[in-house]
Amino acid sequence: MNISVKIKRLHPDAVIPSYAKPGDAGFDLVAIEDTIIRPGETAKVRTGLAMALPLGYELQIRPRSGVSAKTKLRISNAPGTIDAGYRGEICVLVDNIGQPDYSVKDGQMMELCTGAYLNIGDELINPQIPLDEPVTKPTYLIRKGDRIAQGVLAAIPVAEFEETDELDETDRGTGGFGSTGTK
């Protein structure tokens, strides 16, 4: 089933999404500018795109498996939701969950500087962006043109809430938060 989605470039370098392979659920979202994310920081990565989603649909922003497998970068609110009524720029909130590397010198903790960034391919690179302070590993540079997340269009039913004094009984009942065990 195909759904028509209007899309607007807000930046000349924005990349119109496409599906990599037939049958893929998600399409790639691409960064329009270099973004540095140090350990423990969160950054908003711009895509330069806005969409007019049809009513009854949302755009889910999900991690790319390769980025999650190879780096300490995570989508902050995965899956993020772009509502049908939103017309602003689609951005991706990215956390660097890595811990800075440290060494001990004369009884004091010292951060180790790499002199380079890790890119999202997990390779050291010499940055073209000057910094005011040393770089600690794992600091990542998301480069303009990097595929940083994927979008999935999803149908959203609208709930009609009906207040009641009683709910039906189930085997699970009120058990939650690990009540079914791990094995």
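Side notes on the structure shown:
- Enumeration of residues in the range 1-15 that are in a loop (DSSP other than H, G, I, E, B) and either surrounded by 10 or more Cβ atoms within 10 Å (Cβ to Cβ) or of a type in the set (Asp, Glu) (or both): 3, 5, 10, 11, 13, 14, 15
Each row is one residue, and each column tells you yes or no for (1) more than 26 Å from residue 29 (Cβ to Cβ); (2) at pLDDT 90 or above; (3) open to solvent by 80 Å² or more (accessible area, probe 1.4 Å); (4) part of a strand (DSSP E or B).
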| residue | (1), (2), (3), (4) |
| --- | --- |
| 118 | no, no, no, yes |
| 132 | yes, no, yes, no |
| 162 | yes, yes, yes, no |
| 173 | yes, no, no, no |
| 182 | yes, no, yes, no |
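- Subset tally (residues that are touching a Leu at 6+ places or on another chain (Cβ under 8 Å) and either of a type in the set (Ser, Thr, Tyr) or outside any strand (DSSP E or B) (or both)) for the range 16-36: 4
- The strands (runs of 3 or more DSSP E) located wholly in the range 37-91 that include 2 or more residues which are open to solvent by 20 Å² or more (accessible area, probe 1.4 Å) and in contact with a Leu (Cβ under 7 Å, 6 or more places away or on another chain) occupy 42-46.
- Pair list, Cβ < 6 Å and 6+ apart or interchain, from the range 64-81 residues that are closer than 19 Å to residue 139 by Cα and touching a residue at least 60 places away in the same chain (Cβ under 8 Å) to residues that are open to solvent by 30 Å² or more (accessible area, probe 1.4 Å) and not in a helix (DSSP H, G or I): 64/150; 71/122; 72/97; 75/63
- Across the range 16-33, the number of residues qualifying as more than 15 Å from the chain's Cα centre (by Cα) and of a type outside the set (Ser, Thr, Tyr) comes to 9.
- For residue 18, the conditions (1) more than 27 Å from residue 156 (Cα to Cα); (2) of a type in the set (Ser, Thr, Tyr); (3) surrounded by fewer than 16 Cβ atoms within 10 Å (Cβ to Cβ) all hold with the exception of (1).
The values are calculated or read from the model by the stated rules, or taken from the named source; none is laboratory data. Note that this is a predicted model, so its numbers are computed, not measured. Backbone-built Cβ (ideal geometry, glycine too); neighbour counts: all protein chains shown. For accessibility, only protein heavy atoms count, side chains too; no ligands or nucleic acids. Shrake-Rupley method; radii C 1.70, N 1.55, O 1.52, S 1.80 Å.
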